[in-house]
Amino acid sequence: MVKDLLNVSINKVIQIDVNKMGSLVQATGGITMQNPKAFNAEGYEFKQGTVNLQTADQVQAYMTQIDDTDLDASITRIQNVSMELYGNIQKIAHMKKLESFNYYREILYAFSNTVKTNIRKVTVIFLLFSGIWVGAATSFFEISLVFSVLAGIISSNLLENEFVPYSVILILVFQNLLIGTGSHLTGNLSGLTYLTQVPMVFVWTINLCLKKVDKLSKVDISFIVLMIFSLSSLAFGRGPIQAIISNLRDLSTFYFTYRIGKRFIKTE
């Protein structure tokens, strides 16, 4: 661990997506470097000698590992690209303000799309856990519902991240503990029922914020059919209305949770 080796405190983790480093290269005007060995990758031909990389796609192709024997060479290429990119940023830093303005604007845009931090994940957990606890302690359950909506919006932007379904599991596991401790410490007993709806609001918000609509599978169709049957029983007055609404709520929440797992959990 870096923390143990250097004996320093690490408060935040920043992960650079190497596959998107090309965005930064393109934003800084491209790079020119020496290529020790000719090869082809992702439709691009890189000849031996001087190569000029201008676009994000070119850079990504250049850093691609071609096969198992190319591991060391691909690591070297990534390091070389990183050094050239560092050189570009140094040059821009010494430019006049008017000259460098456009570069800085492009770098900031590329950086926002390339760098991922764990801050958003911590924020999601903080909003969910603190929202439930504060709601249980004060009976202001509205705070919990607003916090769960905010957490859902943030989570929906963590694309292709397995943290999202895990956060759903975490809030389901710990919600009763948070409600119990919050209400016990303050002696509050009102509004606790509403707090059990926080996971539902969280799950619904994530699904409503997802832009991409996946193709319906057999499981999707099964859930939809079940919800239609429940709706029909509500329309024709078969059974207590409260029980039918509860069934609809539970079915839709289960379905939306399934969709979250389907979207964010990667399978080989």
Handout entry: Neighbours by Cβ (under 9 Å, 6+ apart or cross-chain): first from region 65-86, farther than 15 Å from T32 by Cβ; second part of a helix (DSSP H, G or I) and among the small types (G, A, S)
Key = Q65/A73; Q65/S74; I66/A73; I66/S74
Practice task
Quick one: which helices (runs of 4 or more DSSP H) lie wholly within region 157-212 and hold at least 2 residues that are free of Cβ contacts under 8 Å to residues at least 40 places away in the same chain?
Solution key: 163-186
Handout entry: Qualifying residue in region 233-240 (condition: in a helix (DSSP H, G or I), modelled with pLDDT under 80 and surrounded by 12 or more Cβ atoms within 10 Å (Cβ to Cβ))
Key = yes
Practice task
Provide a single number: the residues in region 45-64 that are part of a loop (DSSP other than H, G, I, E, B) and within 16 Å of T32 (Cβ to Cβ).
Solution key: 4
Problem - Any hit, region 207-223, residues being under 28 Å from the mean Cα position of the chain (by Cα), surrounded by fewer than 18 Cβ atoms within 10 Å (Cβ to Cβ) and under 15 Å from G131 (Cα atoms) - result: no
Problem - Among the candidates N247, N207, residue that is closer than 24 Å to R120 by Cα and either polar (S, T, N, Q) or modelled with pLDDT under 85 (or both) - result: N207
Exercise for the section: Please find, among V168, V146, V198, the residue that is more than 14 Å from I125 (Cβ to Cβ), surrounded by 15 or more Cβ atoms within 10 Å (Cβ to Cβ) and at pLDDT 85 or above. Expected result: V146
Problem - N188, sole failed condition from (1) farther than 20 Å from V124 by Cα; (2) exposed (fewer than 12 other Cβ atoms within 10 Å of the Cβ) - result: (2)
Completion exercise
Scanning region 147-194 for residues that are of a type in the set (F, W, Y), under 22 Å from the mean Cα position of the chain (by Cα) and under 11 Å from G135 (Cβ atoms) gives F147
Fill in the blank from the handout: For region 23-50, the count of residues that are surrounded by 14 or more Cβ atoms within 10 Å (Cβ to Cβ) and within 21 Å of Q90 (Cβ to Cβ) equals 9
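The values are calculated or read from the model by the stated rules, or taken from the named source; none is laboratory data. Predicted model only: the values in this text are computed from it and were never measured. Positions of Cβ are generated from backbone atoms using ideal geometry, with glycine treated the same way; all protein chains shown enter the neighbour counts.
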